[in-house]
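Below you'll find the structure, written out as structure tokens, and then a few comments.
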Amino acid sequence: MMDHSPFDHTPDPILGEALRETLAVGDDSGFVWHVLERLRAAEPWWEILGDWARPGVAAALVLTAAGGFLLGRVIGPERFGLAAGEPGPAVGLEVTVLLTEGGPPDVETLLGDGSR
Amino acid sequence: MRNDRVSEGELAALANAGDAEAFGELVTRYAPQARRLARTILLDPDDADDAAQDGFLAAWRHLGRYDPGRPFGPWLLRIVANAAADRRRRRRVRQTEELSPVAATRDPGPAAEADRSTLRAAFTAALRDLPERQRTAIVLFDVEGYSHAEIAAVLRVPEGTVRSDVFHARRALREPLAAWRGWKESEG
């Protein structure tokens, strides 16, 4: 007969021992090694890309800046319709006037062609 | 290997931050339980180890969802149980389960004559006859020492269902257990 009733709410050590032996799983160290190997092998592609992302973005920015600079040097300002040494288009006069005048701009200035 | 005093919550937090050594410590601590649980569900040692490995890998991926305020064991075992169930579903499609000749031995014989392997075979056969949830419940309760509430969390069933499952499983294992006790007593 059982020493432990099925109604007992405490573990039965003898039953536990019998089941443990029935379910004996052998050496754990090989199992642990396999799990960790699978972990290393299963590193997902987005994590590998993630490792590359930060230096990749930095390198792309440097290359873009350097490429832009070299392109500007090779093509020259005349390709943009400017003679060498000539300044580019002036910043809008109207904006300058608006910013430097003391009072609020009048309606003619805002809605007109900018001439005073 | 890390000191045993490092809590599971700390190890899980380290592992979640990418510390593979911390995760290795968790695997070492829980490998026996995870392997036994998978074997209880699948009843096949090779499939069980594969499922337990699947479970650990899934746990690694979902460590961010683990609440360090709760025990790690039931959380992990829930994942391992899911991995074993997945593998069992795939296996069902693949093949029909077969009992090994040893496991098919049902009669343990008189306790005085029964040797250890015969008794093991009797337990294996009795376990196979149990519904999966009952055998999982009794292994988690009587082997791993989890409470009914923790087992309920692993199996996602009410606590009363776990109590009932443990009761029915114990009753079903009465005969092989009596033989086992007799053998233990004869061994002195």
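Couple of notes before you dig in:
- Residue among B:R35, B:R70 that alone is in contact with a helix residue (DSSP H, G or I) (Cβ under 7 Å, 6 or more places away or on another chain) and either under 28 Å from B:R135 (Cβ atoms) or at the interface with another protein chain (Cβ under 9 Å from one of its Cβ atoms) (or both): B:R35
- B:D54 being modelled with pLDDT under 90, in a helix (DSSP H, G or I) and within 14 Å of chain A (Cβ to nearest Cβ): no
- The stretch B:139-177, residues that are in a helix (DSSP H, G or I) and at the interface with chain A (Cβ under 7 Å from one of its Cβ atoms): B:V139, B:F141, B:D142, B:V143, B:F167, B:R170, B:R171, B:R174, B:L177
- Test: residue in the stretch A:48-61 that is closer than 30 Å to B:A15 by Cβ, modelled with pLDDT under 60 and not hydrophobic (A, V, I, L, M, F, W, C): yes
- Members of the stretch B:123-137 found to be more than 7 Å from chain A (Cβ to nearest Cβ) and either closer than 18 Å to B:V157 by Cβ or of a type in the set (V, I, T) (or both), listed by number: B:L130, B:P131, B:E132, B:R133, B:Q134, B:R135, B:T136, B:A137
- Exactly one residue out of B:A179, B:A111, B:A172, B:A137 is closer than 18 Å to A:E17 by Cα and modelled with pLDDT under 85, and it is B:A111.
- Check on B:D47, touching a helix residue (DSSP H, G or I) at 6+ places or on another chain (Cβ under 7 Å), buried (at least 18 other Cβ atoms within 10 Å of the Cβ), more than 10 Å from chain A (Cβ to nearest Cβ) and closer than 30 Å to B:R135 by Cβ: yes
- Within the stretch B:164-173, the set of residues being more than 9 Å from B:A137 (Cβ to Cβ) and within 17 Å of the chain's Cα centre (by Cα) comprises B:R170, B:L173.
- A:H9 being modelled with pLDDT under 90, farther than 18 Å from B:D47 by Cα, assigned to a loop (DSSP other than H, G, I, E, B) and touching an Asp or Glu at 6+ places or on another chain (Cβ under 7 Å): no
- From the options B:G73, B:G69, residue that is over 22 Å from A:E37 (Cβ atoms) and surrounded by fewer than 19 Cβ atoms within 10 Å (Cβ to Cβ): B:G69
- Within the stretch B:12-21, the residues that satisfy the criterion of being surrounded by fewer than 21 Cβ atoms within 10 Å (Cβ to Cβ) and either facing chain A (nearest Cβ under 10 Å) or of a type outside the set (S, T, N, Q) (or both) are B:A13, B:L14, B:A17, B:G18, B:D19, B:A20, B:E21.
The values are calculated or read from the model by the stated rules, or taken from the named source; none is laboratory data. Owing to the predicted nature of the structure, the values given are computational and were not obtained by experimental measurement. As a convention, Cβ positions derive from the backbone with ideal geometry for all residues, glycine included, and neighbour counts pool all protein chains shown.
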